[in-house]
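Beneath this line is the structure, given in structure tokens, with notes to follow.
Values in this text are rule-based calculations from the coordinates and carry no lab data. Computed from a predicted model, the values in this text were never measured in an experiment. Cβ atoms come from the backbone with ideal geometry, glycine included; neighbour counts cover every protein chain shown.
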Amino acid sequence: MVFSFRIAQTADHAWYRALYVEHRAAFVNWAVKHFDAREEEARDAFQEAVIVLHRKVGEGGLDDLKCSLRTYLFAVGRNQLLSRMRVVNRQVEIDEAFHGIPDECLVTKDMDEQERQATAELVRQRLSELKPDDRRVLELYYLEGREMDAVAEVMGLKNRNVAKKKKHFALQRLIALVRPAKLLKV
């Protein structure tokens, strides 16, 4: 398919769909081979690349494109894929750092028994103040010890990465509730 800005500017969704179908398999194979991406991730990244192309053409932002359309789509798709991989890697790092409920949120070894009990009670109280979904994801992971795949399944989430993200933000909301109360009691 030869790229023409006049065609692209007047193209309907069928043209973009044909473009997507024509180049998707090659991109997915390339991404899986060179970036160790899952096929689903590669398809999503390529779909985003076609959406970016559509937006750029609509804005007139590709008037001086100096490469083939395929090269452009692969470059944008690669950037989308790398961005997603960075987010997932950052999420994994966050999850490893918060494998247990963080010390500043709960109990530390430096606390005496009375302070530990008070902090644990404070966390239980604040946990009950969270939205039901936030509370449930934390209970499934920390109290029931379920893996992220199981958490995603129980909560009806798309996949483990969505569950990780939900857990991370729920934990941040819990910390935000506990931290000020701890400061007030000191």
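Find how much the distance from MET155 to LEU143 grows on full extension, using 0.36 nm per residue of separation minus their present alpha carbon separation; answer in nm with one decimal.
2.8 nm
Under a point spin-label approximation (7 Å from Cα along Cα-to-Cβ), what is the ALA25-GLN114 distance to one decimal in nm?
7.3
Rounded to the nearest 0.05, what FRET efficiency is calculated for ARG55 and ARG136 with R0 set to 35 Å and r the Cβ-Cβ distance?
The formula returns an efficiency of 0.40 here.
Quick one: of LYS33/LYS66; LYS131/LYS167; LYS33/LYS56; LYS131/LYS166, which pairs are farther than 23 Å apart, Cα to Cα?
LYS33/LYS66; LYS33/LYS56
Within region 44-80, find all residues whose amide N lies under 20 Å from a label point positioned 7 Å from the Cα of ARG86 along Cα-to-beta-carbon.
Inside the label zone: 44-53, 72-80.
Once the Cβ-Cβ distance between GLU121 and HIS34 is put in as r, and R0 is 45 Å, what FRET efficiency do you end up with, to the nearest 0.05?
Between GLU121 and HIS34 the formula returns 0.30.
Where Lys and Arg each count +1 and Asp and Glu each count -1, what net charge lies around ARG135 among other residues with Cβ under 12 Å from its Cβ?
Summing Lys/Arg as +1 and Asp/Glu as -1 gives +3.
Would you please give the FRET efficiency between ARG17 and GLN172, computed as 1/(1 + (r/R0)^6) with r the Cβ-Cβ distance and R0 = 30 Å, to the nearest 0.05?
The value I calculate is 0.15.
Between ASN79 and CYS67, what length in nm is gained on full extension when 0.36 nm per residue of separation is reduced by their alpha carbon distance?
Additional length available on full extension: 2.7 nm.
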